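J.: One structure, as structure tokens, below. Some questions next.
The values are calculated or read from the model by the stated rules, or taken from the named source; none is laboratory data. From a predicted model like this one, the values you see are computed outputs, not experimental measurements. Please note: Cβ atoms are built from the backbone with ideal geometry, for glycine as well, and neighbour counts cover all protein chains shown.
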Amino acid sequence: MTRPVLTSIISGLLILVFAITATQSCTRIDAGHEGILVKMYGTEKGVQDVSLVTGRVWFNPFTEDVYEFPTFIQTQDYTAFTVNARDGSVFTVDPTISFFVKPGASPQIFKKYRKPIDVIAQTTLLNYVKDAFRIRLNQYSTEEIISKRQQFEAQVQSTLDSALQKDGFKLEQMTSGLSYPEEIVRAVNLKNRAVQQAMQVENELKVAEAQARKKIVEAQAEADANRLRQQTLTPLLIQQQFIEKWNGATPLYGNSPVFFKNME
């Protein structure tokens with residue numbers, strides 16, 4: 001093989017390597033993401049080996065790498081777990097959280113964990129969720145959890161948000177999926193049933209009292225009507241009614257004809 005031919009082959013290989021390298025040394029950070037440029041080798045490797053990049057990024061594929069961190073809101077639905085109240089009652093929590101990476105916090109997160117967001121969410125963030133529920137639930141008795149559930153959940157959310165923000169995350173929303181112990185549910189059901197029965201008895205008593213009052217009023221009205229009729233039937237009125245209905249014959253009272261009977 002002659003020298004010019006060898007030179008041409010080497011030049012062609014160099015051009016091919018450069019072309020391949022060029023196609024793999026540029027990437028674009030999609031919308032809703034932050035780019036992390038990581039130096040894999042060299043004097044800058046270590047604490048200072050991570051930097052934030054956006055848009056189109058050029059990098060050396062032999063010594064650098066680029067990771068994308070999503071910054072849009074993500075939702076994690078965790079498996080249910082149990083937590084104890086202050087008095088020992090066991091509550092079940094089935095939480096769901098929505099969170100996002102705070103703007104510019106991707107390098108901080110990557111430096112600390114060196115893991116993708118979905119892995120961090122299923123490990124570190126899950127531990128934060130469990131800790132928040134355990135810390136807060138341990139401050140309440142069973143009765144207080146039932147009567148102050150909204151306050152309790154607000155405190156859990158505040159505790160969790162504070163923990164996440166220290167790591168570069170922001171809590172958007174949380175639902176606890178809190179369910180009470182079976183003995184508490186049974187007690188509540190029995191209490192509700194007793195209350196319903198008491199209300200039914202009370203309603204029946206009210207109906208009976210109303211019917212009794214109605215009868216008293218009707219009897220009083222009838223008595224008043226009879227008294228009024230008796231007061232209006234005076235001797236003069238009776239005689240007038242007698243005259244109006246008289247057929248001309250003299251009526252007999254006893255053995256003697258008497259025109260008007262003594263009404264007294």
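J.: Which residue, of 107, 61, 103, is in a loop (DSSP other than H, G, I, E, B), of a type outside the set (Gly, Ala, Ser) and at pLDDT 85 or above? Walk me through it before giving the result.
T.: Values: 107 fails: in a loop (DSSP other than H, G, I, E, B); 61 fails: at pLDDT 85 or above.
Checking each option against the conditions leaves just 103.
J.: Taking the condition of a type in the set (S, T, N, Q), outside the structural domain of residue 84 (by TED's automatic domain parsing) and either touching a Phe, Trp or Tyr at 6+ places or on another chain (Cβ under 8 Å) or on the phi < 0 side of the Ramachandran plot (or both), does residue 200 pass?
T.: Working: of a type in the set (S, T, N, Q): yes; outside the structural domain of residue 84 (by TED's automatic domain parsing): yes; either touching a Phe, Trp or Tyr at 6+ places or on another chain (Cβ under 8 Å) or on the phi < 0 side of the Ramachandran plot (or both): yes.
For residue 200, the condition - of a type in the set (S, T, N, Q), outside the structural domain of residue 84 (by TED's automatic domain parsing) and either touching a Phe, Trp or Tyr at 6+ places or on another chain (Cβ under 8 Å) or on the phi < 0 side of the Ramachandran plot (or both) - is met.
J.: For segment 152-160, does any single residue satisfy the condition of being touching a Gly at 6+ places or on another chain (Cβ under 8 Å), closer than 30 Å to residue 186 by Cα, at pLDDT 95 or above and surrounded by 14 or more Cβ atoms within 10 Å (Cβ to Cβ)? Spell out how you get there, then give the answer.
T.: Step one: of segment 152-160, the residues touching a Gly at 6+ places or on another chain (Cβ under 8 Å) are none.
There is no residue in segment 152-160 that is touching a Gly at 6+ places or on another chain (Cβ under 8 Å), closer than 30 Å to residue 186 by Cα, at pLDDT 95 or above and surrounded by 14 or more Cβ atoms within 10 Å (Cβ to Cβ).
J.: Output the residues belonging to segment 64-100 that are of a type in the set (A, V, I, L, M), part of a strand (DSSP E or B) and farther than 22 Å from residue 144 by Cα.
T.: Within segment 64-100, the subset of a type in the set (A, V, I, L, M) is 66, 73, 80, 83, 85, 90, 93, 97.
Of the ones still in play, those that are also part of a strand (DSSP E or B) are 66, 83, 90, 93, 97.
66, 97 - these are the residues of segment 64-100 that are of a type in the set (A, V, I, L, M), part of a strand (DSSP E or B) and farther than 22 Å from residue 144 by Cα.
J.: Now for a separate question. Which residue is modelled with the lowest pLDDT, if the candidates are limited to segment 64-100 and must be within 20 Å of residue 34 (Cα to Cα) and aromatic (Phe, Trp, Tyr)?
T.: Residue satisfying both the conditions and the ranking: 67.
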